[in-house]
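The values are calculated or read from the model by the stated rules, or taken from the named source; none is laboratory data. The structure displayed is predicted, hence computed values, not measured ones. Here the Cβ is made from the backbone with ideal geometry for all residues, glycine too, and neighbour counts use every protein chain on show.
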Amino acid sequence: MINPFLLTDGYKTSHHKMYPEGTTLVFSNFTPRSEKHALVKTGYILHFGSQMVIQQIHELFQEGFFNRNRQEVLEEINKEYSAYLGTDYDVSHIDALHQLGHLPISVQALSEGVLVPIGIPVMKVWNTHPDFYWITNFLETIISNLYWKPITSATIAYEYRKLLQDYALATDKDNLGVVAFQGHDFSMRGMDSVEATMSSGLGHAVSFLGSDSLPVIHAARKYYEADGDVVYSVPASEHSVMCAGTKDDEIETLRYLMKQYPTGILSVVSDTWDLWKLITEYLVELKDEILARDGKLVIRPDSGDPVDIICGTFNFSKDKTIFGADPTLDTVRITEEKGVVELLWDIFGGTVNEQGYKVLDSHIGCIYGDSITLARAEDICSRLEAKGFASTNVVLGIGSYTYQYNTRDTYGFAMKATYVEVENPNIMLMSNPPQPKIEGREIFKDPVTDDGTKKSAKGLLAVHDKDGIYELKQQCTWEEVQEDDTILIYKDGKILERVSLNDVRNRVSKLLE
């Protein structure tokens, strides 16, 4: 286990000497400050991940520091810091922490699975022991490192879920259960680490039940007390499977796969060579076998423009007038103009629901998982709707194109101190022995060269739930800090509050009602 004192920015190693003499407390908050770099601007984030982050930090310090031999761990820190800074680094403050035996901090966070306006703190952190004022913002780097991604991915996944649910309500309202599986996490191979896969994948799993990122299961059990099913997937082929079956005999590969999986959902990548030939020739020949199968065969295109491939190059959304005026246009359009969903309808048919939209036969379906974005997802849904097809006819694989192309700046996350307490040696309290008076200082930053994004809050902070909308109160009292609508989740080395993944999912479901 890595020493947690190597899990911070290098400049943090000197800050314990830079606070004013007599500092006894540092109070900080973690806040999404701006969405100017977000592709979709909604004015809020979906809060998720505080429990996981605090448990991770707790375990890092317990296993990598407190539970290790004191002399050994201090020598390691002295050696590495001294070489790094070019000096004989004094580790006495770290030695004192090791002898204390736990992280002397309090952490309050908002509930997970709630919408939080931009600019509202989601977490507050302060030290509980005056000797360790420096630990609050020493933890800034690791908190930020671990925290921004699950919130960011959860927020983006929620936007996908809202989009897909809105279109399902408009085109297939009696089949809303499909939506929980309509966004499928395909991101693991494009994420920058297994840890990122777990944190981002859990953010996805707050809104969706479909995922191919298996580490999410472990993370859900470890951090969110999941004891039942976590996420789901289906047997699915890849290009190597199709290629191994040879190009000249692709139809037999399809037949072989269906024999291997005679029941349930089977997903087959379908564009290894010629997507249109596979659909218009091979599926036509296999039609009776597909319809006789106890399950659904899902066709998976994997290249090209996902909107055009699924919906066809003829854009009904833009040219409804021409289509309505010429009923023969439906029969003269070529394969690419129709797209996958309509071609599958031509072969397998289906039903027209009460809202007047076409729903493919239950034995056939479509999934697309390459380069899907929120904008493309909306284009797909809107063009299917314009063609008279329910949006639920397609599943979208949401990959690293969505979840990896983000940074801490996507929602402007930052942890900043807003209040400190410092001993005033000039004012002594009448105690035995006499003690210097502790003065609170409301601190904030407001760079004149900034656009306002980096302006911080001031003083002690409280967050209140006002009829489902969170509001921030600055410059408040300690009583207000401790009695606001955040939850004390950690104090002095103990995790005090636990929430399950199902609890978080239930909160998100209520948001979607």
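Some observations on this one:
- Test: residue in the range 158-180 that is among the acidic types (Asp, Glu), within 22 Å of residue 47 (Cβ to Cβ) and outside any helix (DSSP H, G or I): no
- Selection of first residues in the range 419-432 that are of a type in the set (Val, Ile, Thr) and of second residues that are modelled with pLDDT of 90 or more and not in a strand (DSSP E or B), restricted to Cβ pairs under 7 Å at least 6 apart or on distinct chains, gives the following pairs, ordered by first then second residue: 420/443; 422/20; 422/22.
- Taking the range 207-218 as the range and being buried (at least 24 other Cβ atoms within 10 Å of the Cβ) and out of contact with any Asp or Glu (no Cβ under 8 Å at 6 or more places or on another chain) as the test, only 207 passes.
- Residue match in the range 237-247 (condition: of a type in the set (Ser, Thr, Tyr), part of a helix (DSSP H, G or I), closer than 23 Å to residue 342 by Cβ and more than 27 Å from the chain's Cα centre (by Cα)): no
- Among the residues of the range 479-494, those identified as surrounded by fewer than 14 Cβ atoms within 10 Å (Cβ to Cβ) and either in contact (Cβ under 8 Å) with a residue 40 or more places away in the chain or under 24 Å from residue 53 (Cβ atoms) (or both) are 483, 488, 494.
- Residue 160 vs. criteria touching a Phe, Trp or Tyr at 6+ places or on another chain (Cβ under 7 Å), of a type in the set (Phe, Trp, Tyr) and crowded, with 23+ Cβ neighbours inside 10 Å: no
- Any pair with Cβ under 7 angstrom, 6 or more apart, that starts in the range 386-415 at a residue that is under 30 Å from residue 174 (Cβ atoms) and ends at one that is in a helix (DSSP H, G or I) and among the polar types (S, T, N, Q): 390/171; 391/171; 392/175; 392/182; 395/182; 396/182
- Qualifying position, being in a helix (DSSP H, G or I), surrounded by fewer than 22 Cβ atoms within 10 Å (Cβ to Cβ), under 24 Å from the mean Cα position of the chain (by Cα) and not small (Gly, Ala, Ser), among 58, 37, 16: 58
- Residues in the range 163-203 that are surrounded by fewer than 22 Cβ atoms within 10 Å (Cβ to Cβ), touching a residue at least 24 places away in the same chain (Cβ under 8 Å) and small (Gly, Ala, Ser): 168, 170, 180, 190, 196.
- Within the range 408-447, the set of residues being surrounded by 12 or more Cβ atoms within 10 Å (Cβ to Cβ) and either in a loop (DSSP other than H, G, I, E, B) or in contact with a helix residue (DSSP H, G or I) (Cβ under 6 Å, 6 or more places away or on another chain) (or both) comprises 408, 410, 411, 412, 413, 415, 417, 443, 444, 445.
- Failed condition for residue 207, given (1) part of a helix (DSSP H, G or I); (2) in contact with a Phe, Trp or Tyr (Cβ under 8 Å, 6 or more places away or on another chain): (1)
- Taken over the range 322-371, the criterion of being hydroxyl-bearing (Ser, Thr, Tyr), surrounded by fewer than 20 Cβ atoms within 10 Å (Cβ to Cβ), modelled with pLDDT of 95 or more and in a loop (DSSP other than H, G, I, E, B) is satisfied by 362 alone.
Matching residues to (1) under 22 Å from residue 69 (Cα atoms); (2) touching a helix residue (DSSP H, G or I) at 6+ places or on another chain (Cβ under 7 Å); (3) part of a loop (DSSP other than H, G, I, E, B):
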site: 90; (1), (2), (3): yes, no, yes
site: 97; (1), (2), (3): yes, yes, no
site: 107; (1), (2), (3): no, yes, no
site: 112; (1), (2), (3): no, yes, yes
site: 116; (1), (2), (3): no, no, no
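- Unique residue being within 15 Å of the chain's Cα centre (by Cα) and either at negative phi or at pLDDT 95 or above (or both) when the list is 194, 234, 230: 194
- All positions within the range 288-307 that are small (Gly, Ala, Ser) and either free of Cβ contacts under 8 Å to residues at least 24 places away in the same chain or within 9 Å of residue 370 (Cβ to Cβ) (or both): 292, 303, 304
- Condition met for residue 16 (modelled with pLDDT of 95 or more and in contact with a His (Cβ under 9 Å, 6 or more places away or on another chain)): yes
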